[in-house]
Amino acid sequence: MRVYVCVKHVPDTAARITILEDNRIDERVTFIMNPYDENAVEEAARIKRDVGDTEVIAVTLGTQAAEATLRSALAMGADRGIFIKSDDHPDSMVTAAALKAAIELDGKPDIIFTGKESIDSEGFQTMYRLAANFGIPAASNVVTLSLEPDTVIVEYELEAGAREVVELALPCVIGTGKNLNKPNYPTLPAIMKARKKEIKQIDLEDLNFEKPAGRVEILELKPAAEKRQPKELTGTPDEVAVQIVRILQEEARVLHD
Amino acid sequence: MQKIGILIETKEGEIKKTNLGVITAARGDGRELYAFLMDGINDDQKDVLQSYGVHKIVEVISEDAPIDYNPVSWSQAVSQAMVHFGINTLLGLAGIQGQNLLPRIAAGLNAPLVMDCSAIDLAAHTAQKSQFSGRTIATLKTKGNFHLYGIRPNAIEALPAFCRADVVSFQAEIKKAGLTVKELKQGDASGVDLTEADVILAGGRGLENSENFSLLFECAQMVGAAVGASRVAVDEGWVPYAMQVGQTGKTVSPKVYIACGISGSVQHFAGMKTAAMIIAINKDPEAAIMKRCDYFVAADLFEIIPALSARLKATAN
């Protein structure tokens, strides 16, 4: 099988985010592989282990720094990488079009994995756009996956712990959820080996794809304001309970008769 | 006349109340609101939609019946209905169901979509949403022939505005999906849905074990609240992942979020910081959440929660 895994280089959740020129962040912070993409790489590596005769190709679109995340994917089990180099951070429509063009140039996918969302832009959509561009089915937030001869059967999460079981014809795009697997973090020898694996670099401008019909522009980026002014509730447990009930009744108005 | 489509979510035949904020956000001078209902309509639903100002209720069908649930078929049907009625803007909820439909519709139309909006301006085609785990608020502008927005449940307050609505049918042509729905497995998480809840009681490390969560469930029952959990409580195996609130769990915007024994990490705040009110109960007065809430109680939750349950019970009677 030929399995592609799309990964994204994102700021660490613990990084201090500073905004520059009201529309972008200062990127001089620690970056990591998008956490859900680790599940995507792990699942591709698992298929390679279980099925055999499988090539796993990691793909990323990003600035020069994103190569580090591609190397992480190689250390976690991908065989080689495709690096679409971009000077900025295009929206999900351009990203999906570019990923499709780069994958198509490289070969014929059986499965394409992505994470279920990226923790920077939180768009929840690139996997579906990628699938639509290929004209193949997609499912996201997938928490179990079993490979059948011409299909995959997956479960994704619904509300209140319910799950939907769906079958997708191959090839398909799968957005991986956190509970799909436990990513194996790379060993030192795997990291050393990953340094020698092949990365094919393509400039975004050199990829041939039709410009999407729409786009999303960032007009402004602001720090989320902290408006709350904490007030302490004191007294015996019962006195505190009385105050909370009053707040729920009179201030929040959430207690109904 | 700007025509706005609204993808309505129902649960057991009832319109989820979080739709009402979405309809409120869609209203405006010179706008015609089209509500799309995917699994049939009844008089109660019509009454609700009229009370919030919907002009046209579109029953989306195939042949003469509602379309069997399949996220691909439903998405195809909605985009066909948009084109048919000349609707260029679609709003929906950005909860779990919306996450499975809105991006499919956007991808099919090759149209821009902003998910998890906390505010929108349909005249300017802009939306606000949090990014970078809730540490920034971005104002995004969509450009193109269509504009799609997924609204964070409960982010926009619902205000009624009566308008008589017509019911129309739209017959979609469903093409092969490549995706077959095999089964729906009911969840083990009982009671109120987290993303729909007005009140959430959430427990973290301070709950200490699985059994103690029953204290939260008992208290939640008194107010019709849902019970959530921090990542620690889920990772420890005390409660199922479906209850997790935060970066890697659910994003919620209740009217009141009562955090019990939760320290309040950046990742947890990413999932609940848009709650209208946060009440923190923690015996550690230095916990991060105590500085980022509206009310805090620096005390043992094992004393406060039972007292609160008793007081709520007394109030209910």
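Quick note: the coordinates plus some simple rules give every number you see, no bench work behind them. Computed from a predicted model, the values in this text were never measured in an experiment. Cβ: placed from backbone, ideal geometry, glycine included. Neighbour counts: every protein chain shown.
Longest stretch of chain B clear of exposed loop sites (trypsin sites (Lys or Arg not before Pro), DSSP loop, at most 15 other Cβ atoms within 10 Å, sites excluded): B:18-163. Between A:A68 and A:K222, the contour length at 0.36 nm per residue exceeds the Cα-Cα span by 52.7 nm. Length gained on full extension, B:K291 to B:S210: 26.4 nm, using 0.36 nm per residue less the C-alpha separation. Would you pull out the residues with amide H under 5 Å of A:I32's amide H, same chain only if 5 or more places away, H placed 1.01 Å from N? Residues meeting the amide H criterion: A:V10, A:D12. A Förster distance of 56 Å, applied to the separation of the beta-carbon atoms of B:N317 and A:R46, puts the FRET efficiency at 0.50. The calculated FRET efficiency for the pair A:D150 and A:K108, based on their C-beta separation and a Förster distance of 22 Å, comes to about 0.90. Near B:G271: Cβ cut-off under 10 Å, other residues only, Lys/Arg at +1 and Asp/Glu at -1. The net charge is +3. For peptide B:212-223, the mean count of partner chain Cβ atoms within 10 Å of a residue's Cβ comes to 1. Taking a straight line from the alpha carbon of A:K48, these aspartates and glutamates sit under 19 Å away, with near neighbours fewer than eight places off in the same chain left out: A:D37, A:E38, A:D79, A:D106, A:D110, A:E148, A:D150, A:E198.
The mean number of Cβ atoms from other chains found within 10 Å of a Cβ in peptide A:130-138 is 4, as a whole number. Give me the percent of Cα-Cα pairs in region B:1-101 that sit more than 19 Å apart, rounded to a whole number. In whole percent, the long-distance tail amounts to 37. Computed from the C-beta positions of B:E32 and B:S62 and an R0 of 25 Å, the FRET efficiency is 0.55 to the nearest 0.05.
Amide H to amide H, with H built 1.01 Å from N, A:T144 comes under 5 Å of A:E155, counting only residues 5 or more places away or on other chains. Highest mean packing comes first when the peptides A:53-60, B:296-303, A:184-191, A:102-109 are listed by Cβ atoms within 10 Å, giving A:53-60, B:296-303, A:102-109, A:184-191.
Label-to-label distance for A:L20 and A:D53 is 5.0 nm, based on points extended 7 Å past Cα in the beta-carbon direction. Remark: region A:114-257 is approximated by an ellipsoid whose semi-axes, taken from the C-alpha gyration tensor as √(5λ), come to 44, 24, 21 Å, largest first. With Cα atoms as the point set, region B:176-285 shows a radius of gyration and Dmax of 14.6, 58 Å.
The alpha-carbon of B:K46 sits under 25 angstrom from the alpha-carbons of these lysines, leaving out residues fewer than 8 places away in its chain: B:K3, B:K11, B:K16, B:K17, B:K56.
Of interest is the spacing of the C-alpha centroids, which for region A:26-66 and region B:209-279 amounts to 30 Å. What the pair-distance distribution of the protein assembly as shown shows, using all Cα-Cα distances binned every 10 Å from zero, is 3, 17, 27, 27, 18, 6, 1, 0 percent. In this structure, the pairs whose alpha-carbon distance is over 31 Å, taken from A:K85/A:K108; B:K141/B:K176; B:K129/B:K176, are B:K141/B:K176; B:K129/B:K176.
Computed 3J(HN,Hα) for region B:83-91, one whole-Hz value per residue from the Karplus formula 6.51 cos²θ - 1.76 cosθ + 1.60 where θ = phi - 60°, is 5, 4, 8, x, 9, 10, 10, 10, 10, glycine and proline marked x. Counting neighbouring beta carbons within 10 Å and listing from fewest to most, the residues A:S121, B:S133, B:S230 come out as A:S121, B:S133, B:S230. Database remark: amide H of A:Q201 closer than 5 angstrom to the amide H of A:F83 (H placed geometrically; neighbours at sequence offset of 5 or more, or on other chains; Pro and chain starts carry no H).
Placing dummy labels 7 Å off each Cα toward the beta-carbon, the span from B:D300 to B:D39 is 4.6 nm. Counting only other chain Cβ atoms within 10 Å of each residue's Cβ, the peptide A:166-175 averages 3. Could you estimate the translational diffusion coefficient of region A:1-147 from the Stokes-Einstein equation, with Rh from the Kirkwood formula over C-alpha pairs, at 10 °C and 1.306 mPa s, in whole µm²/s? Roughly 102 µm²/s, to the nearest whole number. Taking a straight line from the alpha carbon of B:K291, these lysines sit under 20 Å away, with near neighbours fewer than eight places off in the same chain left out: A:K227, A:K231, B:K255, B:K273, B:K283.
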